[in-house]
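The structure appears right after this line, and notes come after that.
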Amino acid sequence: MNEFVWEFDPAEFATLGTHGRPGERVFLFQAGANGEIVTLLVEKLQMAALARAIATALEDLARPGELPPTTPLTEPAEPAFRVGELQLAVDVDAGVLVIEAIEDERDVDVEPRRARFTLSRELAARLAIRIAEVVEQGRPTCPLCGYPINPEGHACPRTNGHRAPAR
């Protein structure tokens, strides 16, 4: 296993943002410390799963103190790599959460790059909230089939495409 290309221990900020309109959005995870920033291309579902994992992990730690403000993406937000795997670990003794991001192996011919971010309880809680906010800004889901409803309409398979459900 290779070394971490980026390691923020501790991270001063961690956030999620997007580029593009709903249905065509690109999700960007960004973290940094000491003036260094890394931006990673992530999937919406990866981030939603991370937010749930953070919420569960925080139950094992002391209650977070005052949460830091939400940090917007620092532009230009050019991703270093596409994340194929996200891992979350909890250091109960130190009271921190550690996120490891591993480059999607389909994108490289060599050892995938890795990044590690150590987050305080407060920063982790803020990140989980930010992820939920960003994910909820997406397209509404169809109440019949669960697929997203695009701005131009939705041909619901449950109605054989004869009528679009109301938004």
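Just so it is clear, none of the values below were taken in a lab; they were calculated from the coordinates. Only a predicted model underlies this, so the values are computations on that prediction, with no experimental measurement involved. Ideal geometry is used to build each Cβ from the backbone, glycine not excepted, and the neighbour counts take in all protein chains shown.
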Selection within segment 17-48 - over 26 Å from PRO151 (Cβ atoms) and among the hydrophobic types (A, V, I, L, M, F, W, C): ALA31, ALA33, ILE37, VAL38, LEU40
Is it the case, given these coordinates, that ALA77 is of a type outside the set (Val, Ile, Thr) and touching a Ser or Thr at 6+ places or on another chain (Cβ under 7 Å)? yes
Contact list, first residue from segment 125-142 and farther than 17 Å from PHE27 by Cβ, second anywhere and part of a loop (DSSP other than H, G, I, E, B) and among the basic types (Lys, Arg), beta-carbon distance below 8 Å, six or more apart or interchain, is PRO140/ARG167
Filtered residue count, segment 20-42, keeping only those that are closer than 16 Å to LEU88 by Cα and of a type in the set (Asp, Glu): 0
Considering residues of segment 1-36 that are of a type in the set (Val, Ile, Thr) and buried (at least 18 other Cβ atoms within 10 Å of the Cβ) only, the residue nearest to LEU97 (Cα to Cα): THR15
Residues of segment 1-37 being of a type outside the set (Gly, Ala, Ser), outside any strand (DSSP E or B) and within 30 Å of PRO140 (Cα to Cα), in sequence order, are ARG21, PRO22, GLU24, ARG25
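Given the options LEU73, LEU58, name the one that is touching a residue at least 24 places away in the same chain (Cβ under 8 Å) and either polar (S, T, N, Q) or over 30 Å from ASN150 (Cβ atoms) (or both). Explain how you work it out, then say what you get.
Numbers: LEU73 fails: either polar (S, T, N, Q) or over 30 Å from ASN150 (Cβ atoms) (or both).
Among LEU73, LEU58, only LEU58 is touching a residue at least 24 places away in the same chain (Cβ under 8 Å) and either polar (S, T, N, Q) or over 30 Å from ASN150 (Cβ atoms) (or both).
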